[in-house]
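The values are calculated or read from the model by the stated rules, or taken from the named source; none is laboratory data. The shown structure was predicted, so the numbers you read here are calculated from the model rather than taken from an experiment. Reconstructed Cβ throughout: ideal geometry from the backbone, glycine too, with neighbour counts over all protein chains shown.
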Amino acid sequence: MRRFISGILLFTMLAPISLLAQDAKPTKKKAAKKATVNVEQQLDQFQDALKQQQSQIQQQQSQIQQLQQQLQQSNALIQQQSTQLQTSVQAASQQAAAAQQAASNLSASVADLKAGDATLVQTVQADQKTVKDLENPTALHFRGVTITPGGWAESTFLFRTRNENADITSNFGATPFGGSANDKLTEFRGSARGTRLTMLVEGNTGTTKLSGYYEIDFLGQAPTGNQVETNSFVPRQRQLWMQAEMSNGWTFTAGQFWSGMTTDRKGIATRAEFIPTTIEGSYIIGYTYVRQDAVRAVRNFNNKAWWLFEVANPETSQPNSSYTPAGLLGFNNSSNASTPNGSTLNYLAGSTNGFSTNLAPDLISKVVFEPGWGHFEIKALGRAFRDRINGGTLHSYGGGIGASAILPIIPKKADFILEGLAGAGIGRYGAANGPDVTIRPDGKIVPLRAIHVLTGLETHPTTKLDWYVYGGDEYFGRRAFVNPTNALGAAGYGSSLVNNSDCGLEVIPEGQPACGAQNRNAFDVSTGFWYRIYKGSFGTLQYGMQYAYMYRATWSGIAGAPKGIDNVVDSSFRLYLP
C-alpha cells in the first residue's frame, strides 16, 4: 500500500518534469542549467512532500492501531461487564429464591403457630368438656365399660273420630266399619305408656368393640293393667341385644332388634334404623318392620356398600280364612299352641296370642349402597310355613323382595323417603298387621300376596322445629276357594261368597254370623311436627302434634264391600334425657 501511494506521488511529480525536458531547447546552456536546478529543487520538494505523506500515513496507521487497541479493550470491557451482569443476575435470582424460601418458611411457621393455637384451643376445650363431663356425666364408667342411659318421659293425649278402644297404638287393619257402633262413637284418651327407657353398654377388647343394648316402654299388657284407677301397665321389652364390631368390617349381632327388612338411615347398623317420627305408636301403614329375636352378620365395604344376612324368628300370624277345617293345628290359636308346656308358659290365660309351630327361621338378606348422595337398599325375605291336619303335615313357602331409598333433597333440611315390599306371606312385616296366609278347604296353607308401600318427607326448617308427612298403603291379594261343606261355599281369602251384610249393623242379631269382610287394602296419611321448647344440660323438652287420616277397604262379598274411615289427632310432650 505504501509503495503504491509513493509510486503515484512520484509519477505525479515527475510527469511535468518529463514534459519540460522534452520541450526544452538545448540551444542555450544557461537554460539547461537553470532547468536542472529547478528539477533538483522540485525533487527535493517532492521528497519532502513524500516524507510528509509517509509521516501522515504512519500517523494514520498509528491511529488505526490505537483504534484497534481501543476496540479490543472495549470488547474486553463489554465481555467483562456481560460476565459481571450474568453473575449479578444469577446472584439476584439466588437471593430471590432464598427470599421466597424464607417467606415460605415464615408462612409455614405462621401456619404452625396457628395450628398450635388451634390445637391449644381444642385441648383447652377438650379439658373443659372433660371437667364438665366429670361434673355432669352423660355416661357412667364401670370396669372399663361405658354405660349410657337414655330415653324419654312422655304424656300423650289423643282423639279419634271412631272408637278403637286402643291406646297410642292404632289397629290400622281394624278401623270400624261405617254404621257399626264404634263408627258412631268418638274416643279420647290420655297415656304415658309411650315413655321409653334405654341403656347402652360399650367397651373395647383389642380392635373389637363390644356393645349391649336394652330398650323398654310401657305398652305391655298384664291382667292388672287398667285405666280405672292407677293405670298400672308393665314394661315391655322392645330391644335386647349384644354386638361385636370388628376392625375388618364385620359386625355380628344377636338378640331382639329391628329386622333387617327395616330400612336403615345410614349404612347397616343397630340404632340407625329409619323409624317414622310419628306420635302414633304403630307408626304408619306401609312401613315395613318387625322387632324380633335374630342373629345377624354385616359386612362393611369402605363405608360405601354393606351386606347383611340374618336368621330370624319365623312366627306366623293367625290365618285369615273364610273356612277353617276342624282339627287344624300349627297356628298361634290352635289347640296345640294354647296348652302350656314345660316350666315356662307360652300362652297366658285370657290371651289370644300363642306361638305358631314353625318349620324354619325367616331368612333375610340385604345390600345397601351409598354412592355419595342418598341411601339405597335392596332386600329379600324367605319364609316357610307348616300346619298339620288329619295326621298329615303340610308345607308352604313364601317371601318377598323389597327396596328403599332415603334422599337428602336439601342436605340437613329435607329428606325424601321411599320404600316398598312385594311378595307372598309377608303380612306380619307390615305396620297394618295383615295376614300371612289363608287356608284351603283341605287344610293346605296358601301364602297371601301382598304389597307394602310408604313415602315420606321429613324437614327441619329450623334447629327447633321438625315437620313431617308420611303416606302408605298395604294391599292384600285375593285367594278364594269353594267349600262344598258350607252353605254359602266361601273359603280362602277375599271370597265373593262371604256374607258382609252385618258389617254395618250396630247390634248383630242373635244367631246370625258376624261380619266376614276381609281387608283388601289399608291406607294412611299422617302429618305433624315436633318443636323443641328447651334444650340444655337438663335435657330436651319438646312438644308435638299429629293428624292422621286412615282408610280401610275390603273385598266385595254378599251385600257389598264395607269400608272404614278414621281421623286421629295426637298431642304429646316429651322430655328426653340429656
Problem - Residue match in the range 271-280 (condition: surrounded by fewer than 16 Cβ atoms within 10 Å (Cβ to Cβ) and under 25 Å from Asn171 (Cα atoms)) - result: yes
Handout entry: Every residue from the range 160-175 that is buried (at least 20 other Cβ atoms within 10 Å of the Cβ) and either small (Gly, Ala, Ser) or under 9 Å from Ser282 (Cβ atoms) (or both)
Key = Ile168, Ser170, Phe172, Gly173
Fill in the blank from the handout: Scanning the range 553-564 for residues that are aliphatic (A, V, I, L, M) and either in contact with a Gly (Cβ under 7 Å, 6 or more places away or on another chain) or outside any strand (DSSP E or B) (or both) gives Ala559, Ala561
Handout entry: Arg574 vs. criteria touching a residue at least 60 places away in the same chain (Cβ under 8 Å), in a strand (DSSP E or B), farther than 25 Å from Gly179 by Cα and charged (D, E, K, R)
Key = yes
Completion exercise
Those residues of the range 272-288 which are on the phi > 0 side of the Ramachandran plot and either touching a strand residue (DSSP E or B) at 6+ places or on another chain (Cβ under 6 Å) or not assigned by TED's automatic domain parsing to the domain that holds Arg428 (or both) amount to Gly286
Handout entry: One residue from Gly443, Gly374, Gly392, Gly400 being small (Gly, Ala, Ser), surrounded by 14 or more Cβ atoms within 10 Å (Cβ to Cβ) and on the phi < 0 side of the Ramachandran plot
Key = Gly400
Handout entry: Qualifying residue in the range 179-186 (condition: assigned to a strand (DSSP E or B) and either charged (D, E, K, R) or buried (at least 16 other Cβ atoms within 10 Å of the Cβ) (or both))
Key = no
Completion exercise
Expected single match for among the charged types (D, E, K, R) and modelled with pLDDT under 95 among Glu154, Glu164 is Glu164
Practice task
State whether the residues of the range 389-398 include one that is within 35 Å of the chain's Cα centre (by Cα), among the small types (Gly, Ala, Ser), closer than 30 Å to Thr277 by Cβ and in a strand (DSSP E or B).
Solution key: no
Practice task
Report yes if Met261 is buried (at least 16 other Cβ atoms within 10 Å of the Cβ) and within 24 Å of the chain's Cα centre (by Cα), otherwise no.
Solution key: yes
Exercise for the section: Please verify whether the range 476-498 includes one or more residues that are at pLDDT 95 or above, in the same structural domain as Ala522 (by TED's automatic domain parsing) and hydrophobic (A, V, I, L, M, F, W, C). Expected result: yes
Problem - Test: residue in the range 536-551 that is crowded, with 17+ Cβ neighbours inside 10 Å, under 27 Å from Tyr475 (Cβ atoms) and touching a Cys at 6+ places or on another chain (Cβ under 9 Å) - result: no
Exercise for the section: Report whether or not Ala517 is touching a residue at least 60 places away in the same chain (Cβ under 8 Å), of a type in the set (A, V, I, L, M, F, W, C) and either assigned to a strand (DSSP E or B) or not assigned by TED's automatic domain parsing to the domain that holds Phe172 (or both). Expected result: no
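Residue-wise test of (1) closer than 26 Å to Leu448 by Cα; (2) in contact with a helix residue (DSSP H, G or I) (Cβ under 9 Å, 6 or more places away or on another chain).
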site	(1), (2)
Cys515	yes, no
Arg520	yes, no
Arg532	no, no
Ser537	no, yes
Ala548	no, no
Tyr551	yes, no
Gly557	yes, no
Lys563	yes, no
Val568	no, no
Practice task
Filter the range 288-342 down to the residues that are β-branched (Val, Ile, Thr) and at pLDDT 85 or above, then identify the one that is farthest from Tyr470 (Cα to Cα).
Solution key: Thr324
Problem - Members of the range 454-506 that are of a type in the set (A, V, I, L, M, F, W, C) and over 16 Å from Gly516 (Cβ atoms) - result: Leu454, Leu457, Leu465, Trp467, Val469
Exercise for the section: Kindly establish whether Trp530 is farther than 30 Å from Glu215 by Cα, in contact (Cβ under 8 Å) with a residue 12 or more places away in the chain and in contact with a Gly (Cβ under 6 Å, 6 or more places away or on another chain). Expected result: no
Fill in the blank from the handout: So the strands (runs of 3 or more DSSP E) completely within the range 443-502 holding 1 or more residues that are within 20 Å of Met550 (Cβ to Cβ) and out of contact with any helix residue (DSSP H, G or I) (no Cβ under 6 Å at 6 or more places or on another chain) are 449-459, 465-476
Exercise for the section: Looking only at the range 269-290, decide whether some residue is over 27 Å from Leu575 (Cβ atoms) and among the charged types (D, E, K, R). Expected result: no
Handout entry: Lone qualifier among Ala254, Ala269, Ala297 - being in a loop (DSSP other than H, G, I, E, B), of a type outside the set (Ser, Thr, Tyr) and either more than 21 Å from the chain's Cα centre (by Cα) or assigned by TED's automatic domain parsing to the domain that holds Ile451 (or both)
Key = Ala269
Problem - Top-ranked residue in the range 118-151 [being surrounded by 14 or more Cβ atoms within 10 Å (Cβ to Cβ) and among the hydrophobic types (A, V, I, L, M, F, W, C); ranked as modelled with the lowest pLDDT] - result: Ala139
